[in-house]
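K.L.:
Okay, handing you the structure first.
Since every read-out is calculated from the coordinates, none of them should be taken as a lab result. Note that this is a predicted model, so its numbers are computed, not measured. With ideal geometry, Cβ positions are generated from the backbone for all residues, glycine too; neighbour counts draw on all protein chains shown.
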Amino acid sequence: MENASKALIIAGAILLAIAIIGIGMYIYSQAADQVGGAGADLTKQQIDTFNSTYLAYQGTKTGQQLRTLLGNIRTFNAQTELDADKIGVHTGDASADTASSAGSLAITDINSQINAISVGARYDITFGFDPNTGRVISVGYTQHQ
């Protein structure tokens, strides 16, 4: 009788250990999926959300709106580690841009462009997009005639 009760206690401990290991593996796999998804390519919805931040400024806008846009880009570029992910800024039409490095400016250069924009003037703002993902990679602007 004593051996039977010890066998039941050992069997219970083994089942409990298997349950704990199973729960640990489930939690680990869930965490690995979250971490693995962070570095993966952006989904269409994430790209649309990213683009909407900037595309609200597309078309003819005031100098103050252009300053706000360039300030947002300056902030984004400062927080982005990879140069390839930064948004390029230049005068002129950006609709034909296909690489973010073309026209990319240092933060100090963006600051000087912001200071050169006349608040009361109107500007035509265009965007260049990555041909593979559709993400905004550059912005161009010209003073509206």
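K.L.:
At q = 0.09, 0.14, 0.16, 0.17 Å⁻¹, what base-10 log of I(q)/I(0) does the Debye formula yield for the chain when every alpha carbon is treated as an equal point scatterer in vacuo?
P.N.:
Values, matching the q order: -0.43, -0.71, -0.85, -0.93.
K.L.:
Also: How far, in degrees from 0 to 90, does helix 107-116 lean away from the longest principal axis of the Cα atoms of the chain, to the nearest 10?
P.N.:
40 degrees
K.L.:
Give me, ordered by chain and number, the residues 5 or more places off Ile137 or on other chains with an amide H under 5 Å from its own placed amide H.
P.N.:
Amide H neighbours of Ile137: Gly128, Phe129, Asp130.
K.L.:
Whole-Hz Karplus ³J(HN,Hα) for region 68-80, in order, using 6.51 cos²θ - 1.76 cosθ + 1.60 and θ = phi - 60°, x for Gly and Pro?
P.N.:
Result, ordered by residue: 4, 4, 5, x, 5, 5, 4, 5, 4, 4, 5, 8, 9 Hz.
K.L.:
Another question about this same structure. Set the Förster radius R0 to 41 Å, insert the Cβ-Cβ distance between Lys44 and Ala13 as r into 1/(1 + (r/R0)^6), and round the FRET efficiency to 0.05.
P.N.:
0.25
K.L.:
Here is a follow-up. Could you please report the charge total around His144, scoring K, R as +1 and D, E as -1 over all other residues with beta-carbon less than 12 angstrom from its beta-carbon?
P.N.:
Net local charge, His144 excluded: +1.
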